[in-house]
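Colleague: After the structure tokens below, expect a handful of questions from me.
The values are calculated or read from the model by the stated rules, or taken from the named source; none is laboratory data. Source: prediction; values computed, not measured. Cβ coordinates were reconstructed from backbone atoms using ideal geometry, including for glycine residues, and neighbour counts include every protein chain displayed. Ligands, DNA and RNA are excluded from the accessible area calculation, which covers all protein heavy atoms including side chains. Shrake-Rupley method; radii C 1.70, N 1.55, O 1.52, S 1.80 Å.
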Amino acid sequence: MKVITPFVLLVRFYQTAISPFTPASCRFEPTCSSYMIEALQKHGLFYGGYLGIKRILSCHPWGRTGYDPVPEKKCSHKH
């Protein structure tokens, strides 16, 4: 089992059991919960978690809106 699995499951639980009963309020595409899952899968627990939390904290009425994808992984090999 990957280290991120429990965190992804926690977000999926939120998406299916909590989010449908709350007003739609995410200002971004993809939604903050989808962003969190993708960030964890693409970047791992620490950096992906950081990106997801940073995104959630920026989702407020005075923040920006619109399309905000998870950044791609930087290439780690040297030429």
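Colleague: Can you list residue pairs whose Cβ atoms sit under 7 Å apart, with the first residue in region 49-64 being aliphatic (A, V, I, L, M) and the second being open to solvent by less than 100 Å² (accessible area, probe 1.4 Å)? Count only pairs 6 or more apart in sequence or on different chains.
Modeller: Final answer for the pair search is LEU51/ALA39; LEU51/HIS43; LEU51/VAL70; ILE56/CYS32.
Colleague: Residues that are surrounded by fewer than 12 Cβ atoms within 10 Å (Cβ to Cβ), closer than 21 Å to PRO61 by Cβ and not polar (S, T, N, Q): does region 26-45 have at least one?
Modeller: No, region 26-45 contains no residue that is surrounded by fewer than 12 Cβ atoms within 10 Å (Cβ to Cβ), closer than 21 Å to PRO61 by Cβ and not polar (S, T, N, Q).
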